[in-house]
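In what follows, a single structure is set out as structure tokens and then discussed.
The values are calculated or read from the model by the stated rules, or taken from the named source; none is laboratory data. The model shown is predicted, which means the values in this text are computed figures rather than measured ones. With ideal geometry, Cβ positions are generated from the backbone for all residues, glycine too; neighbour counts draw on all protein chains shown. What goes into the accessible areas is simple: the full protein's heavy atoms, side chains included, and nothing from ligands, DNA or RNA. Shrake-Rupley method; radii C 1.70, N 1.55, O 1.52, S 1.80 Å.
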Amino acid sequence: MTMEAGGEVGSRKADGDEHFEGVEIPETAHLISRDSWAQAAFVLTTSVNSVFVLGYSGTIMVPLGWVPGVLGLIAAAAISLNANVLIAKLHEFGGKRHIRYRDLAGHIYGRKAYSLTWGLQYVNLFMINTGFIILAGEALKAVYVLFRDDHVMKLPYFIAITGFVCALFAIGIPYLSALRVWLGVSTVLSLVYIVTAFVLALRDGLNSPARDYSIPGDKTSKIFTTIGATANLVFAYNTGMLPEIQATVREPAVKNMLKALYFQFTVGCLPMYAVTFVGYWAYGSSTSSYLLNSVSGPVWVKALANISAFLQTVISLHIFASPMYEYMDTRFGITGSPLKFKNLSFRILVRGGYLTVNTLVAALLPFLGDFESLTGAISTFPLTFILANHMYLMAKQNKMPSLQKSWHWLNVCFFGCMSVAAAIAALRLIAVDSKTYNLFADL
């Protein structure tokens, strides 16, 4: 057992064939090195085609317009793929598998960077999960309104129901690798709401008069919404927990993870592009931040799509909450059978408490687009772009030419500036919306 800056508990030799016997893995209470690259690819594809895709027509295309929106999504995909590949290639840097983002940062920079990275990642995942709960609450409310539009049940009530269901799922699924069949269920659910939104929006667009695609707002608001939309662009593709997902992949971990990433950024992105572009084409600048609120069609079809969106969100949230669950389980030695009374009661207390806080924040400030922008600004930019380029620069600086070093430094500086600008824009949006709506708003 060895202890290292940023290490969690200790380390052990990796399971597997002899070629990888020299690679050490930190101690963890969760199962690792078990999954195929295909399962990791489905985890990544689940994240990129989560219910957030139903908002990109309104939160990305509306503030940017056709040309900047399309080019921005393509450019963000290329830049995000490059940054994620850099992180994946550092997974076994220094002869040790870095199964947590903070472990990798701690190995390269030291203990302070370990703590800072953990803080950034925690904020990133907390905000993403808050957004998931808001979206799932909106989906449930949409189902209710289809059958009883009496305003008796408000959005905060549906958010509370969502939090309870997410807690039940979190208690029942002990770790990320245990999702397995649920990833297949998630894929089916994603196809249901994406295909439904696509077909209904396409039908509306074909039967509607000319749409207005002008960017709404005055000059000042356009500047801030455009900056906020750039944060949404990178939010769309990145998890902020790539090492944690890569930890579940069997050896060779780097090669297998690269396969998963290439799948995510090619085939995996196609459904997102389809529903985002068709949604904006059909409704123009009036597109809702939740596309199923804009479409028209049979009640039962819209209800099925919204229920699918709700259920898929429960699964997606579990993925993004798993680093926190792994930390707590490892910290308090929760090992052995998931059904042991100690382990089950621990999950009820800790995971239930964590999701209670998530749910409360979601109900207090249910401004979805603002949360996407703020998350992209204060955590996705630093974790995925600034840290990825700088860590790779630090790890490989003696083996790369000066031109490549300059490229990585350019990325660090550019995305540092973008992070600051996007954070200011997002905070302004939240301040404006907070004046427009009360706490626990029924949006």
Handout entry: Any chance Ala425 is assigned to a helix (DSSP H, G or I), among the aliphatic types (A, V, I, L, M) and closer than 30 Å to Leu291 by Cα
Key = yes
Problem - Residues being open to solvent by 20 Å² or more (accessible area, probe 1.4 Å) and under 25 Å from Ser47 (Cβ atoms) - total across the range 293-309 - result: 5
Practice task
Scan (1) part of a helix (DSSP H, G or I); (2) surrounded by fewer than 16 Cβ atoms within 10 Å (Cβ to Cβ); (3) at pLDDT below 95 for the single condition Thr225 breaks and write down its number.
Solution key: (2)
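Hey, could you check the range 77-103 for residues that are open to solvent by 40 Å² or more (accessible area, probe 1.4 Å) and either β-branched (Val, Ile, Thr) or part of a helix (DSSP H, G or I) (or both) and say which is farthest from Thr239 (Cα to Cα)? Let's see the steps before the verdict.
Initial filter on the range 77-103 (open to solvent by 40 Å² or more (accessible area, probe 1.4 Å)): 78-79, 81-82, 89, 92-94.
Next, from what is left, pick out any that are either β-branched (Val, Ile, Thr) or part of a helix (DSSP H, G or I) (or both): 78-79, 81-82, 89, 93-94.
Working: Ala78: 15, Ile79: 14, Leu81: 12, Asn82: 14, Lys89: 17, Phe93: 21, Gly94: 24 Å.
Among them, the one singled out is Gly94.
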Exercise for the section: Tell me, please, whether a residue that is of a type in the set (S, T, N, Q), open to solvent by less than 60 Å² (accessible area, probe 1.4 Å) and touching a Ser or Thr at 6+ places or on another chain (Cβ under 7 Å) can be found in the range 165-184. Expected result: yes
Practice task
Output the residues belonging to the range 332-343 that are open to solvent by 30 Å² or more (accessible area, probe 1.4 Å) and touching a residue at least 40 places away in the same chain (Cβ under 8 Å).
Solution key: Gly333, Thr335, Pro338
Completion exercise
Taking first residues from the range 344-368 that are at pLDDT below 90 and assigned to a helix (DSSP H, G or I) and second residues anywhere that are surrounded by fewer than 16 Cβ atoms within 10 Å (Cβ to Cβ) and not small (Gly, Ala, Ser), the pairs with Cβ under 7 Å that are 6 or more apart or on different chains are Ala363/Phe440; Leu364/Leu439; Leu364/Phe440
Practice task
List every residue pair whose Cβ atoms sit under 7 Å apart, with the two residues 6 or more apart in sequence or on different chains, where the first one lies in the range 112-126 and is open to solvent by less than 30 Å² (accessible area, probe 1.4 Å) and the second, anywhere, is part of a helix (DSSP H, G or I) and among the charged types (D, E, K, R).
Solution key: Tyr114/Arg102; Thr117/Arg102; Gln121/Arg102
Exercise for the section: Could you please give the count of residues in the range 376-410 that are free of Cβ contacts under 8 Å to residues at least 60 places away in the same chain, open to solvent by 20 Å² or more (accessible area, probe 1.4 Å) and assigned to a helix (DSSP H, G or I)? Expected result: 14
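What about Phe158, is it out of contact with any Leu (no Cβ under 7 Å at 6 or more places or on another chain), open to solvent by less than 40 Å² (accessible area, probe 1.4 Å) and of a type in the set (Phe, Trp, Tyr)?
no
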Exercise for the section: For residues that are surrounded by fewer than 16 Cβ atoms within 10 Å (Cβ to Cβ) and either over 18 Å from Ser296 (Cβ atoms) or not basic (Lys, Arg) (or both), tally how many sit in the range 200-212. Expected result: 6
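So which residues in the range 305-332 are within 23 Å of Ser208 (Cβ to Cβ) and not small (Gly, Ala, Ser), if there are any at all?
Across the range 305-332, the qualifying residue is only Asn306.
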